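Only one structure is covered here, and it is reproduced in the block below.
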Amino acid sequence: MKKLPIALALCAAFVSANTMAEVRINGFASIVGGKALDDDATLYGYDDDISFKNESMFALQLSADLQEKLSATAQIVARGSDDFDAEFEWAYLTYEFSDELQVSAGKMRVPFYRYSDFLDVGYTYRWVRPPQSVYNLPFSTYEGLSLLHNTQLGDWDSTVQVIYGSFDGNIAVVSVNGDTELNDIAGINWTMSYDWFSARAAYFVADTTIAIENDTDAGVALNGLEQTLRAAGFVDQADDIAVNEDDGSFFALGFSIDYNDILFDAEYTEFEVENSALAKQTQYYTSVGYRMDEWIVHLTYENNDDKHDSNRYNALPAVPALNAGINQVLEGVRAKSNVYTIGTRYDFHPSAALKVDFSRFKDDISDTETDVVAVAVDLVF
């Protein structure tokens, strides 16, 4: 809980800034049970034993109006995957210049996706979990600044958010883990809405450094290959393997339809770290649903296709075995898969929903399939 001092300072502001401040406390929870239907297979953290811990969580959100257009927000989340140890997910201050323009500073959500702001609030979407082929970036928060502008463009509602900040933590990227620093994160997210239709686009960049660990086969292979190239005098090629202050970028497009009782969502994303061993990641999903009073049924298709530009590694024609070894290792850190999910949601209470999802994941590289079924109860209060 390395960000605890920030959150504690924010909570102190709740109390000390103004004893008459209006403090609001809200919460949400997800109780999720799941199981992989195949022996010796795992998906979304589930194996062939039923688990109610992996995706379950409880959270509280505190908001305080400090007056004079200043407010403070903190969100405390306890995840089953972390043994329900409570941590501060958000902790930031907001100043409203006007009804249309506001600035925030602190620890906040990165607006990568349509559901980024509600990523942990399962009650706000129809799936047990958002499509993981797209919603797969291993971090979701940053520390920095956010400028938000809301306005009307004709009959359309326009929301533009610009962010700047950094991230520091241990994350998993494709099949490698490592301490990661993202500096000078900068980007923009623009959403346009009109009646039953909304569309969004987002673009972010960051200076990316990942100290790849030797705790996976891919990590061992990449670190070993980098050392071999340096020892052989191929410094430029070794630098292309390492992820050290390389330019990372993220691009997203999406749109949503909620027309009568027909629901449709689609999002497309690209993630790339230039001049590194990480493959360029391209993902998308399409999801259609139908609402029947308190019930929703839905079908979702996801696709993930990573690609390497191997041409830049063909500079070793004099050492064909080493060149082949490079490409073989790079193939080990890419993914190619698709997922079909069919599910239903039942709103049995104004603040609670029951969900059941069945997902079939197909790994096109290993030519294997894994099925997972999950049941969730999502609450807001």
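A few points about this structure:
- Of the residues making up region 274-291, not a single one is in a strand (DSSP E or B), aliphatic (A, V, I, L, M) and within 18 Å of the chain's Cα centre (by Cα).
- Pairs, first touching a residue at least 60 places away in the same chain (Cβ under 8 Å) in region 114-137, second in a helix (DSSP H, G or I) and surrounded by 24 or more Cβ atoms within 10 Å (Cβ to Cβ), C-beta under 9 Å, six or more apart: Val128/Gly122; Arg129/Gly122
- Residue selected from region 98-111 under the condition in a loop (DSSP other than H, G, I, E, B) and more than 29 Å from Phe52 (Cα to Cα), by the criterion nearest to the chain's Cα centre (by Cα): Glu100
- So Tyr125, is it of a type outside the set (Gly, Ala, Ser) and either under 30 Å from Asn303 (Cβ atoms) or crowded, with 20+ Cβ neighbours inside 10 Å (or both): yes
- Output for region 200-220, where each listed residue is more than 23 Å from Gly165 (Cα to Cα) and either surrounded by fewer than 17 Cβ atoms within 10 Å (Cβ to Cβ) or under 18 Å from the mean Cα position of the chain (by Cα) (or both): Glu213, Asn214, Asp215, Asp217, Val220
- Extreme residue, nearest to Gln132 (Cα to Cα), among residues of region 350-365 that are part of a strand (DSSP E or B) and among the aliphatic types (A, V, I, L, M): Val356
- Scanning region 218-271 for residues that are touching a Ser or Thr at 6+ places or on another chain (Cβ under 7 Å), among the polar types (S, T, N, Q) and at pLDDT below 95 yields a single hit, Asn244.
- Test: residue in region 139-160 that is within 30 Å of Ala218 (Cβ to Cβ) and at pLDDT below 95: yes
- Filtered by the rule that a residue be within 18 Å of Glu181 (Cα to Cα) and not hydrophobic (A, V, I, L, M, F, W, C), region 224-245 gives Asp239, Asp240, Asn244, Glu245.
- Some residue of region 1-8 being of a type in the set (D, E, K, R) and either at pLDDT 95 or above or more than 21 Å from the chain's Cα centre (by Cα) (or both): no
- Test: Arg114 is part of a loop (DSSP other than H, G, I, E, B) and either more than 24 Å from Asp195 (Cβ to Cβ) or among the hydroxyl-bearing types (Ser, Thr, Tyr) (or both): no
The values are calculated or read from the model by the stated rules, or taken from the named source; none is laboratory data. None of these values were measured; they are calculated from a predicted model. Counting neighbours? That spans all protein chains shown, and the Cβs are built from the backbone with ideal geometry, glycine included.
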